[in-house]
Amino acid sequence: MQSSRSKKEYSEAFYKPPLAVQKTSAEIINEARNTLRTLRTQRPFTPREQQRKLFGSASSRTPDNRPPSAFSLCASSFESVESRPVSCARLSPLDHKPKLLLSATSEEENPVSPAKPPVDSEEIRKVSNARALLFKTAACGNLLPDKVFLPIESKRQNFEEQAAMGDISKNSNENFPEKPTVQLNFKDKCVPLTYKEHHSKIVGESVCPKMTAVSPSSQLSSQSDPINRQEENNLEADETEEEENYWNMKILPILHELETAVHILKVSGKNLLNVCKLVFKISRNEKNDSLIQNDRILDSLLEILGTEDLGTNTEAFLYCMGAIKFISGNTRLIHEMVNKGSVEILVQLLKQINDITENDARFSSSGHLLVQLTATLRNLVDLPESRCKLLEYGAIPELCLVLEKHMSDQDVCINVARIFSKLSSFNDCCTALADCSRCYILFLALLNKHTKKQDLVVRIIFILGNLTAKNNQAREQFFEMQGSIDTLIALFQYHCEADANGKLWNDGGELKKLKHPSKAEDVLIKLIRVIANLSIHPCVGASLATNHQIVALLIKVLEYKSVEECEELVINTTATINNLSFYQVKDSVIQERKLYIAELLLKLLMSSNMDGILEAIRVFGNLSQYHEICDFIIQRKVYKFMIALLDAKHQEVCFSACGVLLNLTVDKSRRSILNEEGGIKKLIDCLRDFGPTDWQLACLICKTLWNYSESITSAQPCFEDDDTNTLLVLLTSFLDEELALDYSFDSDLRDYHILYWETEFKPVAQKLLQKIQN
């Protein structure tokens, strides 16, 4: 009875089993390696805009329906009343009315001059020294926060009012301290500006012919006498403790008042808009980024977004946000933006914009603002700290709401798609996006609405590929969305035809030629990846395997495209066919067309691309479970190629080739093929080379040798003496747990290693060793 059971046990052939009813852990790991696999691809590339504009060159907005990026500012753009600090006191009119000089005669003939309040010489000396210190501080950039956008006339007025109240001699106003040189960009030229010019010259004219360059070391007015300048420098050197006290008691309170007025943003209305426009204009030139960094302009811009009313300052917000967008493109400034709380401010602004309904008059302009905001977030998500804050403040649901409300705005949609394509490349962000259940409906709606907008389509498909690569729940949710597979098929057909014809419709409906590689190829690569990832789910994969349209499109790609033309497209297509061929279900289209698929794979198998060869072998590994394919492999001498690949010294190639040989040797009539091309020796060499590090491959080799060994008889042994001795040594050594198992791996890899040795390799190797010994 025992011998009968043993004989039956020995006579059973090993083969690569079809889908088991209940899988062991080893089988699950085996499938993950050998059959069902998710695919990777590169994120769509977004070229950097060469010019800083509100809306880039690829914008769907026409010049007629978008705010301008270029404009001119002049004195009339500002309102002088609003530019003055609110808290300033008004001066009463002077009783004294100076006479006007009627002719250019000598001073003796017309000795009339404006009246001045009597001030003693000691007081003048104190003010002069204080003013000299003021120049010194200004030159170092530490006088006021660099949010000083108020026109200089208001500061001068405040200075005069303080003089009238007796704090400072009004005469000192003649040499009012100047602001350090500032680099403003007008018409792509860096123009050094100083505050010594008249207000109208500073705030705005696009062409400023009277502006002069003044270095920080010479900040005095051009009207100052050189002798007076030297005198003030001497006075500064001789400063006394009394003069320092005068500065602290008289001058600093005035400066603090100015600082406070600027800090709480007393600029509003038209002036706020034009200040934002001015900063926007400055930020359009990258050379001015250092000015923005050093002068704390970023603080003021973020403060505007965080404190001003969006409803009454929408246009100001637009240019303020545009300037911040430019700043976010600077790798040196982007970290500073995050540290200053920009992510929190932008997410809060995003929520305010989402509160605007479509019936609101501001809805159209909010779209322009969203383009700037989402472009900024697109830059910020490159930083890990930004991604954490976006998750923390709930940015993903808000961005989904943006897509829902602005689905017709291609510029907004593509910016959000760029954000999600970056975020979905990271596990935690991808999980958060997958948990937002409405995202699948939104993505499908976008694909159906903007079918011919390739830049948008390729990113949405890439996002779906990332989502379906992570977990089964995402695969199931997307598959169950009404029309999801139909949408994928429609996109597949459209871009497959476009790529096959070497043409693609542009957005205007005009047919134009495309240079290789085509944009259609990029869409196909990422779309086929979605299908491959979906097929990992057992129910979804079985359903897709019976879909005639999908299989037909995959076959079409292999028909007209070679691996030399587009490697990633052909390999992704083959890998998807491999996933679908795993499911041996009724009405499987893969089974129906398996012989034709095998013919197409021969072209890939004979190529010089090792990755393409590997994918083709994997498909043959699944299809070789069918007798028709086994006959095809024998008739077309494909098995010789499989044996030759055992010499490739490529572990995965050896594994897949051995799987095909294992399935071929299930039939007794085909076992003799291993005698050709040195098949037995090559299998033993693979066992020696890869066995100790890959017990899964070692198990597969032992099964193949077991099948072959069934032909062993005393009259005609199947193994040569050298092969037999080598096998006895290897199997004895590999079955010794202390010698075979390497415990130096980390815990996860060690568990995997031990699992395969105990459950897969050991039982088969023991049977093979016993049979050889007997």
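Restricting attention to the stretch 325-345, the residues that are among the hydroxyl-bearing types (S, T, Y) and part of a helix (DSSP H, G or I) total 2. A single entry from Q348, Q352 fulfils the requirement of being assigned to a helix (DSSP H, G or I) and closer than 16 Å to A316 by Cα: Q352. Among the residues of the stretch 356-373, the ones that are closer than 21 Å to K389 by Cβ and outside any helix (DSSP H, G or I) come to 0 in all. Of all the criteria given as (1) over 16 Å from the mean Cα position of the chain (by Cα); (2) modelled with pLDDT under 95; (3) surrounded by fewer than 20 Cβ atoms within 10 Å (Cβ to Cβ), the one not satisfied by L401 is (2).
Hey, any hits in the stretch 313-324 for a residue that's part of a helix (DSSP H, G or I) and touching a Gly at 6+ places or on another chain (Cβ under 7 Å)? No, the conditions are met nowhere in the stretch 313-324.
Would you say A474 is assigned to a helix (DSSP H, G or I), more than 19 Å from the chain's Cα centre (by Cα) and surrounded by 24 or more Cβ atoms within 10 Å (Cβ to Cβ)? Yes; evaluated as a whole, the condition is true for this residue. Y639 meets all of the listed conditions (1) more than 45 Å from the chain's Cα centre (by Cα); (2) of a type in the set (S, T, Y); (3) within 15 Å of Y596 (Cα to Cα) but one, namely (3). Of all residues in the stretch 344-384, those being within 25 Å of R332 (Cβ to Cβ) and free of Cβ contacts under 8 Å to residues at least 24 places away in the same chain number 1. The residues on offer are Y440, Y393, and the sole one that is aromatic (F, W, Y) and farther than 23 Å from T41 by Cα is Y393.
Would you check which residues across the stretch 404-415 are surrounded by fewer than 16 Cβ atoms within 10 Å (Cβ to Cβ) and not in a helix (DSSP H, G or I) and list them? Even if it seems obvious, please write down each step before you answer.
Step one: filter the stretch 404-415 for residues surrounded by fewer than 16 Cβ atoms within 10 Å (Cβ to Cβ), giving 404, 407-408.
Selection gives M407, S408.
Cβ-Cβ below 7 Å, separation at least six or inter-chain, first residue in the stretch 616-637 and of a type outside the set (K, R), second part of a loop (DSSP other than H, G, I, E, B): which pairs? Listed pairs, sorted by first residue: G621/K16; N622/T35; N622/F582; Q625/K16; Q625/P18; C630/S624; C630/D667; I633/S624.
For (1) surrounded by fewer than 23 Cβ atoms within 10 Å (Cβ to Cβ); (2) more than 21 Å from the chain's Cα centre (by Cα); (3) outside any helix (DSSP H, G or I), each residue gets a yes or a no:
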residue: A417; (1), (2), (3): no, no, no
residue: C439; (1), (2), (3): no, no, no
residue: L442; (1), (2), (3): yes, no, no
residue: V457; (1), (2), (3): no, no, no
residue: F462; (1), (2), (3): no, no, no
residue: F478; (1), (2), (3): no, yes, no
residue: I485; (1), (2), (3): yes, yes, no
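Scanning the stretch 278-333 for residues that are buried (at least 16 other Cβ atoms within 10 Å of the Cβ) and in contact with a strand residue (DSSP E or B) (Cβ under 6 Å, 6 or more places away or on another chain) yields I282, N285, N288, L291. Checked against the criteria, S669 counts as under 28 Å from V638 (Cα atoms), in a helix (DSSP H, G or I) and either out of contact with any Lys or Arg (no Cβ under 7 Å at 6 or more places or on another chain) or at pLDDT below 90 (or both).
The values are calculated or read from the model by the stated rules, or taken from the named source; none is laboratory data. Not measured: the values here are computed from a predicted model. Heads up, the Cβs are rebuilt from the backbone with ideal geometry, glycines too, and the neighbour counts pull from every protein chain shown.
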